[in-house]
1. Could you run through region 9-22 and say how many residues are within 19 Å of K63 (Cβ to Cβ), without any contact (Cβ under 8 Å) to a residue 40 or more places away in the chain and either within 11 Å of ligand 1 (Cβ to nearest atom) or part of a helix (DSSP H, G or I) (or both)?
2. Check whether at least one residue in region 62-77 is among the β-branched types (V, I, T) and either within 17 Å of K12 (Cα to Cα) or modelled with pLDDT of 90 or more (or both), and report yes or no.
3. Determine which single condition A35 fails, assuming it passes every other condition in (1) at pLDDT below 95; (2) in contact with a Lys or Arg (Cβ under 6 Å, 6 or more places away or on another chain).
4. Could you give every pair whose Cβ atoms fall below 7 Å, whose first residue belongs to region 44-60 and is farther than 13 Å from R20 by Cβ and at pLDDT below 95, and whose second residue is away from ligand 2 (no atom under 12 Å from the Cβ) and part of a helix (DSSP H, G or I), counting only separations of at least 6 or pairs across chains?
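The values are calculated or read from the model by the stated rules, or taken from the named source; none is laboratory data. Keep in mind that what you see is a predicted model, and the values were worked out from it rather than measured. Every residue, glycine as well, gets a Cβ built from its backbone with ideal geometry; the counts of neighbours run over all protein chains shown.
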Amino acid sequence: MASQKRPKEHLKVQKVVKQRDGYKCEICGQVTQNAHGHHVIPFSEDGPADLKNMMTLCPDCHKAYHKGDLHVDIWRF
Ligand SMILES: [Zn+2]
Ligand SMILES: [Zn+2]
């Protein structure tokens, strides 16, 4: 597991967003306890620790997204 250092607020908000969405992937609708909190604007690009900047993705969609297989119109949410 890569250990990119993130401020505490990011970890906290990733948990909050998953709870908000009920651990349901916003792309395929799969509900999984392993859901990931994804930064719409990446943390590395100064994406804020803000619920509006987070979405819940299942591990499959998250992987596909970062591989570039998946293109989401993020602003429709
Ligand atoms: Zn999914
Ligand atoms: Zn992500």
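1. 2
2. No: zero hits.
3. For A35, the failing item is (1).
4. A49/E9; A49/V13
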